[in-house]
């Protein structure tokens, strides 16, 4: 008994002969007669036979072409006609699913369409059509999935003509959940209103954006808002540097001092710390602001705190904010008061928007490689393909 059909991945074929030239030509026929596809009757007769030609993977560096005798059957019970259906090959297709999947995975791995035209003898348009068909099939399966428990939301630039887009990331699985055009409440309202499973969202991580906070409160009322730690610390540093510019404009222009001021105090070496303290001693008011910023940053960098310890740190934070109200950092104190609850949730959780920012870097590289996108749906298709799932399609 020949096992050539099993080796080819089409076990129901019986191989008659194989010719090896520039390509490998395999001539085969079905092993058994099927039952009627309409009534299930097992007594069918062969009405006619025609030949189907498929492209089917490669062996070594040679393409395998299958020439299969495909019968046309007539059912003795219902009188209906039907053609033989082969598992792994769709009706009226001239390539097997294994070959189409091979082209998809090869192109997804970085092989150009011009190279595939030479190695697999298919056109660039066919490669693009097959690639997008697999992507759309996978994304359609993902479209009905419920919202993740931990959702990250942030904006990124799409194009000059269409502006910004909003990225929704599943921070539990570190996958892009969806990408939508626009960053305003009006542009996202229709999408979020129809989004299934919004009650599943327990945490929403975001930067200090009033627009996204309003969207979260309106469309995810049961979710807790968590401030992104990086953006909070960066906001504190920006306010401090602006206040420094008012106190000592000339010192603010010194690049060496700027490098020392931007770092955390516990990251400075002994010599650099002594140099910084020597400068701050000449400006007592600036030194007080510097110490307040260091205390504030130490508090903001805490995470995974239990409720009793978080309550203790909250009282310290409130006292520190009250002190900042009497300094040039009063605007910072007002912002921290407005975002006090998300900051406390930041202490209780270890989630951040770091994966979201990483996906934004990947999206930017995709846009550069494509020399920009005009159609947002094509852009979304690429993003969901490369960032929303692992790119592996299970063979059926």
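Computed values, structure above
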| read-out | value |
| --- | --- |
| Choice from 337, 126, 49 with maximal GNM fluctuation in the chain (Cα, 10 Å cutoff) | 49 |
| Fewest-first sequence of 228, 248, 22 by Cβ atoms within 10 Å of each Cβ | 22, 248, 228 |
| Folded to 0 to 90 degrees: helix 210-219 orientation relative to the chain principal axis, Cα | 50 |
| Centroid-to-centroid separation of region 36-77 and region 300-361 [C-alpha atoms, Å] | 67 |
| Value at 222 nm in deg cm²/dmol, rounded to 500, when DSSP H runs of n ≥ 4 in the chain each add -39,500 (n - 2.57) | -14500 deg cm²/dmol |
| Sorted by Cβ neighbour density within 10 Å, fewest at the top, the residues 338, 367, 190 | 190, 338, 367 |
| Region 35-152 - percent relative contact order, Cα under 8 Å, separation 6 or more | 18 |
| Set of region 136-158 residues, backbone N closer than 20 Å to the point 7 Å along the Cα-Cβ line of residue 199 | 144-151 |
| At R0 = 51 Å, FRET efficiency that the Cβ-Cβ distance of residue 282 and residue 314 yields, to 0.05 | 0.90 |
| Rel. contact order, % - alpha carbon contacts under 8 angstrom, at least six apart, the chain | 12 |
| Structure-derived semi-axes √(5λ) of the Cα gyration tensor in Å - corresponding label in (i) 45, 23, 18; (ii) 64, 24, 17; (iii) 33, 24, 20 | (ii) |
| Share, in percent, of DSSP beta bridges within the chain that are antiparallel, nearest 5 | 75 |
| Residue with peak Gaussian network fluctuation, the chain [Cα springs, cutoff 10 Å], from 283, 41, 264 | 41 |
| Residue order, fewest to most beta carbons within 10 Å, for 319, 224, 331 | 319, 331, 224 |
| Relative contact order of region 1-93, defined on C-alpha pairs under 8 angstrom at six or more residues apart (%) | 24 |
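Laboratory data are not the source of any read-out in this text; all were calculated from the coordinates shown. Given the structure is predicted, the values throughout are model-derived calculations rather than measurements. Positions of Cβ are backbone-derived with ideal geometry, glycine not excepted, and every protein chain shown enters the neighbour counts.
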